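First comes the structure, then the notes that go with it.
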Amino acid sequence: MMTLVYTLFKTLPASYAGTAPFPAESGRSIKRGKRVHGLAHKGIKALLSNAAVWSIAHNQEMGLYDPKKVQERKHKTLVEHNIRNKNLARVLGVVKRGNAYASPLGYAA
């Protein structure tokens, strides 16, 4: 059912899933960090967050990506956010193509 929703929202799936940050500011004086939009689907965001932590631990490609980025002195939460968006893009790509996911590590020369 949710994949049907994502095919309807072709332009902003990350925004609907709650993985796209929006600036939280009001005028010139109140400046805060970036926040998730209030209309985002928090349940999907929670599933994507859990999937990101799982893929760091169990997926070979993400297991290589995470320490590399942390070694580049990136924040751990930023790396997890990037993995959340990568997983979302993969899911949408698989739904759009209609075939199984093929890992790019299997095609390395």
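Hey, which of these cross-link pairs are over 27 Å Cα-Cα: K45/K68; K31/K86; K42/K76; K42/K68; K31/K68; K45/K76?
K31/K86; K42/K68; K31/K68
Contour minus end-to-end for A57 and K31, with contour as 0.36 nm per residue of separation and end-to-end as the Cα-Cα distance?
Full extension of this stretch gives 5.8 nm more.
Hey, which aspartates and glutamates would be in cross-link range of K74, C-alpha to C-alpha under 17 Å, not counting anything within fewer than 8 residues on its own chain?
The reachable aspartates and glutamates, counting only those whose Cα sits under 17 Å from K74, are D66.
K69: which aspartates and glutamates have alpha carbons under 17 Å from its alpha carbon, excluding same-chain residues fewer than 8 sequence positions away?
Correct list for K69: E61, E80.
Can you give the log10 of the normalised intensity I(q)/I(0) at q = 0.15, 0.25, 0.26 Å⁻¹, computed with Debye over equal Cα scatterers of the range 10-99?
Taking Cα atoms of the range 10-99 as identical point scatterers yields -0.66, -1.25, -1.28.
Where a number appears in this text, it was derived from the coordinates with a stated rule and is not lab data. Keep in mind that what you see is a predicted model, and the values were worked out from it rather than measured.
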